[in-house]
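First comes the structure, then the notes that go with it.
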Ligand SMILES: Cc1cc2nc3c(=O)[nH]c(=O)nc-3n(C[C@H](O)[C@H](O)[C@H](O)COP(=O)(O)O)c2cc1C
């Protein structure tokens, strides 16, 4: 039987919620990337990794990427969770580049990468992330030729944004079930 695990890197819970939903649908376990050392990843045929996007990094990926490609025949499926529009080619290219920046060249272009949309509650952000968002807002306010996404970020600054959509994991489930 195909043994699968879902790993996630999540600061505020959106990626964790997607990971748990995927695991529930596939009937497998979900675990935080911080637990990776306690897991025997070689016991799995398929590893699904999802991480929240944080200004040029993917939460948990630093830890998990080291194990990717280590076991012959093991399949990895990657997904990100961010605010950026998952349907845009720009988001998809950026996310793939972020994941691949931690992978050896021979794996570039080989792994399925999916983009999901999470959310953000400014009231719940820790100091570091609040400061980063404040700096981004300063930058965006001064930026000429703002994109639609820039305008949306500026308009929703300080509020609660929620794009969580359980049904958006379907392509990941289809990929995981593909033999
Ligand atoms: C400091 C900071 C930086 C972020 N950078 C990005 C980004 O570069 N791209 C993006 O799409 N979303 C970005 N986000 C939004 C998060 O990816 C989004 O809130 C996501 O749902 C977080 O997932 P988590 O709750 O699992 O940590 C950022 C959020 C914060 C607080």
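Please treat every number below as a calculation from the coordinates, not as lab data. Since we're looking at a predicted model, the values are computed, not measured. Cβ: placed from backbone, ideal geometry, glycine included. Neighbour counts: every protein chain shown.
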FRET efficiency for residue 2 and residue 142 from the Cβ-Cβ distance with R0 = 41 Å, rounded to 0.05, comes out at 0.20
Residue exposure sequence - 167, 57, 42 - by fewest surrounding Cβ within 10 Å: 167, 42, 57
Sequence gap at least 6, Cα distance under 8 Å: using those rules, report the relative contact order of the chain to the nearest whole percent. 21
Contact order relative to length of segment 77-149, as percent, for alpha carbon pairs under 8 angstrom and 6 or more apart: 41
Just report the Cα centroid separation between segment 88-128 and segment 1-71, whole Å. 14
Taking every pair of distinct Cα atoms and averaging 1/r, then inverting, what Kirkwood hydrodynamic radius in Å comes out for the chain? 17.0
Using a Förster radius of 25 Å, what is the FRET efficiency between residue 93 and residue 150 based on their Cβ-Cβ separation? Nearest 0.05, please. 0.90
Whole-number Å³ per residue for the convex hull built on Cα positions in segment 101-179: 166
The chain - mean residue ellipticity at 222 nm from DSSP helices (-39,500 (n - 2.57) per run, n ≥ 4, rounded to 500): -10000 deg cm²/dmol
Can you give me the convex hull volume of the Cα atoms of segment 120-161, divided per residue and expressed in Å³? 55
Where does segment 1-64 land on Rg/Rh, using Cα atoms and the Kirkwood Rh? 0.96
